[in-house]
1. Tell me, please, whether a residue that is within 13 Å of ligand 2 (Cβ to nearest atom), crowded, with 21+ Cβ neighbours inside 10 Å and in a helix (DSSP H, G or I) can be found in the range 229-237.
2. Which one is nearest to the chain's Cα centre (by Cα) among residues in the range 163-177 that are open to solvent by less than 10 Å² (accessible area, probe 1.4 Å) and not β-branched (V, I, T)?
3. Considering (1) on the phi < 0 side of the Ramachandran plot; (2) within 13 Å of ligand 1 (Cβ to nearest atom); (3) not in a strand (DSSP E or B), say which one W47 fails and leave the rest.
4. Any chance you could count how many residues in the range 246-289 are open to solvent by 90 Å² or more (accessible area, probe 1.4 Å) and touching a residue at least 60 places away in the same chain (Cβ under 8 Å)?
5. In the range 176-207, what residues are touching a residue at least 24 places away in the same chain (Cβ under 8 Å) and away from ligand 2 (no atom under 16 Å from the Cβ)?
6. Condition first: open to solvent by 60 Å² or more (accessible area, probe 1.4 Å) and not β-branched (V, I, T). Now tell me which residues in the range 38-60 satisfy that.
7. I need a count of the residues in the range 185-214 that are open to solvent by 30 Å² or more (accessible area, probe 1.4 Å), within 19 Å of R287 (Cβ to Cβ) and either in contact with an Asp or Glu (Cβ under 6 Å, 6 or more places away or on another chain) or not in a helix (DSSP H, G or I) (or both).
8. Would a scan of the range 80-89 turn up a residue that is modelled with pLDDT of 95 or more and hydrophobic (A, V, I, L, M, F, W, C)?
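The values are calculated or read from the model by the stated rules, or taken from the named source; none is laboratory data. From a predicted model like this one, the values you see are computed outputs, not experimental measurements. Because the Cβ atoms are built from the backbone with ideal geometry, glycine has one as well, and the counts that use them run over all protein chains shown. Each accessible area value is taken on the protein alone, full model and side chains, heavy atoms only, with ligands, DNA and RNA left out. Shrake-Rupley method; radii C 1.70, N 1.55, O 1.52, S 1.80 Å.
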Amino acid sequence: TPEPRTGADGVPVGWFFTSAGSFALDEPDGLHSWLPANDHPSDKAAWRFTIDVPAGQTAIANGKLAEHRTLDDGRERWVWEPSEPMSTYLVLVLTGRFDLVDGTGIDGVSVQHAVLTSDRARLEPAMALTDDLLSFFVDQFGPFPFDTYGIAVTEAMEGLAMETQTRSLFDRRDLATDGTLDRLQQILLSHELAHQWFGDAVSPASWSDTWLNEGFATYGEWLWLEHAGLGTVEQSAALALSEPRRFPPADPPADLLFDRTVYDGGAVVLYALRREVGDERFTEILRAWA
Ligand code: ARG
Ligand code: ZN
């Protein structure tokens, strides 16, 4: 009977129960409230999730679905397997009444989303953007580091998303739409996908390094916004530069690990580097880093 606790930066972490089911949200240090582990971002491990739920429920975790069957007692067993090692804070666990929706994918990368059955129609635009985002970022950053990707959407925390490895977690209220995705929705979707390279594949050695996650993911947002005609990288950088900076982005106090200074300040550092070395060399650096 796990109970959420307060994480290092003051935000609740752990395994949460909602009217839609349950979900885990553990960055930076919530996983060990429900699963024994060396809960440190530098210690990646191989994972396989075997989750039993009542009949009619779906359980979702990272990676590809390896097995789904009904047990003798009527419960359903769901087995998920990510192909690559993974840090503890990137674990995805969801239970509830979900549809698994296949996308087109790109060469060598399958796409599978997990959305609440009742939300499916209003999340079609968010799911549909994934293939475009994937091709765009592969073009920018190099090969996608995993064999599958998708979005996982439930009743989580409004305004907060998480780059859980191979399947990013979002709140249903943030992505639902009857029409086209707005700017903020595109920011959320592009940000979490960029993290799959920067944060997930390349993980921080210590939590002081969150700018290496958040600065790069924010820079990824800026690239996508420019590509989508929603503002140039230069405009995004100018806006970020106009914000107050409360500390050096690479030296955050523990309670400000995910402050805007880390996100926008980190992205500004990358933009400054790009201006210093030139566009071409900078793209080489991004790819070499990943
Ligand atoms: N890494 C997430 C993102 O930027 C944000 C998670 C915030 N977590 C927290 N404990 N404050 O996409
Ligand atoms: Zn982020």
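1. Just the residues of the range 229-237 that are within 13 Å of ligand 2 (Cβ to nearest atom), to begin with: none.
Within the range 229-237 (the criterion being within 13 Å of ligand 2 (Cβ to nearest atom), crowded, with 21+ Cβ neighbours inside 10 Å and in a helix (DSSP H, G or I)), the answer is no, since none of the residues qualifies.
2. Taking the range 163-177 as the starting set, the residues that turn out to be open to solvent by less than 10 Å² (accessible area, probe 1.4 Å) are 163-171, 175.
Now restrict to residues that are not β-branched (V, I, T): 163, 165, 167-171, 175.
Values: E163: 1, Q165: 7, R167: 7, S168: 4, L169: 6, F170: 8, D171: 12, L175: 14 Å.
That would be E163.
3. (2)
4. Number satisfying all stated conditions: 3.
5. Here is the first cut: in the range 176-207, the ones touching a residue at least 24 places away in the same chain (Cβ under 8 Å) are 176-181, 183, 185-207.
Listed by number, the residues that qualify are A176, T177, D178, G179, T180, L181, R183, A205, S206.
6. Going residue by residue through the range 38-60, those that are open to solvent by 60 Å² or more (accessible area, probe 1.4 Å) are 38, 40, 42-44, 46, 48, 50, 54-55.
Once the filter is applied, which keeps residues that are open to solvent by 60 Å² or more (accessible area, probe 1.4 Å) and not β-branched (V, I, T), the range 38-60 yields N38, H40, S42, D43, K44, A46, R48, P54, A55.
7. Qualifying residue count, the range 185-214: 3.
8. In the first step, residues of the range 80-89 are kept if they are modelled with pLDDT of 95 or more; the result is 80-89.
Still in the list and also hydrophobic (A, V, I, L, M, F, W, C): 80, 86.
Within the range 80-89, one or more residues are modelled with pLDDT of 95 or more and hydrophobic (A, V, I, L, M, F, W, C).
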